[in-house]
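The values are calculated or read from the model by the stated rules, or taken from the named source; none is laboratory data. These numbers were taken from a predicted model, which means no experiment stands behind them. With ideal geometry, Cβ positions are generated from the backbone for all residues, glycine too; neighbour counts draw on all protein chains shown. These accessible areas exclude ligands, DNA and RNA; they are computed on the full protein's heavy atoms, side chains included. Shrake-Rupley method; radii C 1.70, N 1.55, O 1.52, S 1.80 Å.
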Amino acid sequence: MSGGLQPGTVLWLRRYSFFFAVVALATLALILSFASHAAWTWVFAAMMPFVAIGLFDAFQTRHSLLRNYPLIGSMRWLFEALRPYLRQYIVEGDEEGRPYPRMDRSLVYARAKQEEDRQPFGTELNAYSSEYEWMTHSLAPMPVAEEPFRVTVGGPQCAKPYSASVLNISAMSFGSLGRNAIEALNLGAKTGGFYHDTGEGGLSPYHRTYGGDIVWELGSGYFGCRNRDGSFSPERFAEKAADDQVKMVEIKLSQGAKPGHGGVLPAAKVTPEIAEIRGIALGEDCISPSRHPAFNSPVQLMEFVAKLRELSGGKPVGFKLCVGHPSETFAIVKAMLKTGIRPDFIVVDGSEGGTGAAPRELADHVGMPLREGLVLMRNALVGAGLRGEVKLAASGKVTSGFSMAANMAIGADWCNAARAFMFSLGCVQSLRCHTGLCPTGVATNDPHLQRGLVVEDKAERVANFQRHTVHALAELVAAAGLSHPSELLPHHLWHRVSPIEVRPLDKLYPFLAPFALVEAPEETPYGAEWRAADAESFTPRVDVGPLRAA
């Protein structure tokens, strides 16, 4: 290209034009600072950091975008950092946002603060979308129950049954949540008369500050009741389980957000306080195995349940799991039949459940969602004739009276919620739980960030949210012409399959009759899995389905 710039040079000038403009402005400011007013000195000083950043960008070797577009390329990182906040507060509609849409979060906030939660002008949901569900109502509705619904947990093998609320705080450990958050949750549970699950991180002093009812969760690390080698310590367990504040014991087999996955708390994060609470060594990695060392088979699981019940003085003992292989669920049920030992309760945690951090593949694609898991566990218990002896709870994205009613129609006796109670504490879904930099002081142990969470104020909001949500459930139950949520059945819940087709849940999922698995398993959809299930092993005794081709 004679008499002009080469194309490559033109492109180079374009790419560097913003940086050159900043350099030119800084140079002009320097000249003017000598020639005229001293204020230009401040302009020069303000521009020099940008010149330095541009020079660094042009010569660094890690980011090609910055190397090719110095200074202005940094704007990409700025907008990427701002993107979640811009979407949440400016772009997203009320039905958008993940994991929780704005309308769900707003409902929790309103009920926690005792603000107006009624809706004007009709539903904003699309009643003809494939995700739409509704409850059938009665032309002869019942009066709304004034007393909070309770569920008695503890079968004939339990000496100290517990009367549980139908909505409780699900497992969240101290360490994942900060001291103030744990104390606010427990004070809220005390005020509202519901229980607070410790999570697998152990029974901390902050769970006991205000005396709220506690469900002590035992994970595979047995934190707070372990020996030096990480094995279960009966003596330490019995000592802590004797506390009157501990009402039930829950064995965590798996959790919805990362089923089949263990965990490691690096030694650098093991503070003296966490080491004391968990019963681990200071300066060493804290390991949560992916499976329990105390048992290796369904029968041994039942024996462990009986052992914990005895060591706790007869308190209800159960377990929590995200349902995986159906044959393993049936193996556990067969172990109940073989040993005669019954857990007092089972908590089904859906794969949509939350956690502080999880590998994306496990969080997105491993484990059954709550509804399918709940149906399978209900059918396993009913089909074996055990449903009357074992209570069933549901955990996973419970935020409203309707979400509770839907779970109870399938078979749950009560519901647990974690993230909804975090919202009631002030969580804004900033998705920074795993960084320790939670802006609202909920999922952090930074004392400066925790300062923003005032225990007494947030505890009141926790109790408010629970009370108003249970009242909303009572209104739904009354509208259906029922007296108690235990009377809800699958046919009370309808689901839109397509724009022109709807079905009640009992026509979408199989719901077994009592003893169906024992008397005629081949006539159920679970014949192959039931035949493969072995009470003595979590490994199926025969293959289920076709084999891989040679």
When region 133-190 is checked residue by residue, the ones that are crowded, with 23+ Cβ neighbours inside 10 Å and in contact with a Lys or Arg (Cβ under 6 Å, 6 or more places away or on another chain) are 153, 184
Being buried (at least 24 other Cβ atoms within 10 Å of the Cβ) and out of contact with any Phe, Trp or Tyr (no Cβ under 8 Å at 6 or more places or on another chain) is the filter; apply it to region 198-217 and report the residue that is nearest to residue 244 (Cα to Cα). 216
If you go through region 267-285 one residue at a time, do you hit one that is within 27 Å of residue 162 (Cβ to Cβ), of a type in the set (Val, Ile, Thr), free of Cβ contacts under 8 Å to residues at least 60 places away in the same chain and open to solvent by less than 30 Å² (accessible area, probe 1.4 Å)? no
Output yes when any residue across region 128-145 is in contact (Cβ under 8 Å) with a residue 40 or more places away in the chain, outside any loop (DSSP other than H, G, I, E, B) and out of contact with any His (no Cβ under 7 Å at 6 or more places or on another chain), and no when none is. yes
Only residues that are farther than 18 Å from residue 249 by Cα, part of a loop (DSSP other than H, G, I, E, B) and touching a residue at least 60 places away in the same chain (Cβ under 8 Å): list them for region 307-355, please. 324, 325, 350, 351, 352, 353, 354, 355
Please state which of the following conditions residue 344 fails to meet, knowing it meets all the rest: (1) within 27 Å of residue 106 (Cα to Cα); (2) touching a strand residue (DSSP E or B) at 6+ places or on another chain (Cβ under 6 Å). (1)
Subset of region 279-306 [of a type in the set (A, V, I, L, M, F, W, C), within 25 Å of residue 339 (Cα to Cα), part of a loop (DSSP other than H, G, I, E, B) and in contact with a strand residue (DSSP E or B) (Cβ under 7 Å, 6 or more places away or on another chain)]: 294
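Here is a yes/no grid of residues against (1) crowded, with 17+ Cβ neighbours inside 10 Å; (2) of a type in the set (Phe, Trp, Tyr); (3) assigned to a loop (DSSP other than H, G, I, E, B):
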{"residue": "483", "(1), (2), (3)": "no, no, yes"}
{"residue": "503", "(1), (2), (3)": "no, no, no"}
{"residue": "506", "(1), (2), (3)": "no, no, no"}
{"residue": "514", "(1), (2), (3)": "no, no, yes"}
{"residue": "517", "(1), (2), (3)": "yes, no, no"}
{"residue": "530", "(1), (2), (3)": "yes, yes, no"}
Among the residues in region 478-489, are any in contact (Cβ under 8 Å) with a residue 60 or more places away in the chain, under 30 Å from residue 165 (Cβ atoms) and polar (S, T, N, Q)? yes
Based on what the data block shows, is residue 339 more than 21 Å from residue 413 (Cα to Cα), open to solvent by 40 Å² or more (accessible area, probe 1.4 Å), at pLDDT 95 or above and of a type in the set (Val, Ile, Thr)? yes
Criterion: open to solvent by 60 Å² or more (accessible area, probe 1.4 Å) and in contact (Cβ under 8 Å) with a residue 60 or more places away in the chain - qualifying residue of 49, 84, 99: 84
Please verify whether region 398-408 includes one or more residues that are in contact with a strand residue (DSSP E or B) (Cβ under 7 Å, 6 or more places away or on another chain), buried (at least 24 other Cβ atoms within 10 Å of the Cβ) and in a loop (DSSP other than H, G, I, E, B). yes
Selection count, region 416-431, where residues are surrounded by fewer than 24 Cβ atoms within 10 Å (Cβ to Cβ) and either modelled with pLDDT of 95 or more or on the phi > 0 side of the Ramachandran plot (or both): 3
Flag if residue 373 is open to solvent by less than 10 Å² (accessible area, probe 1.4 Å) and within 26 Å of residue 260 (Cβ to Cβ): yes
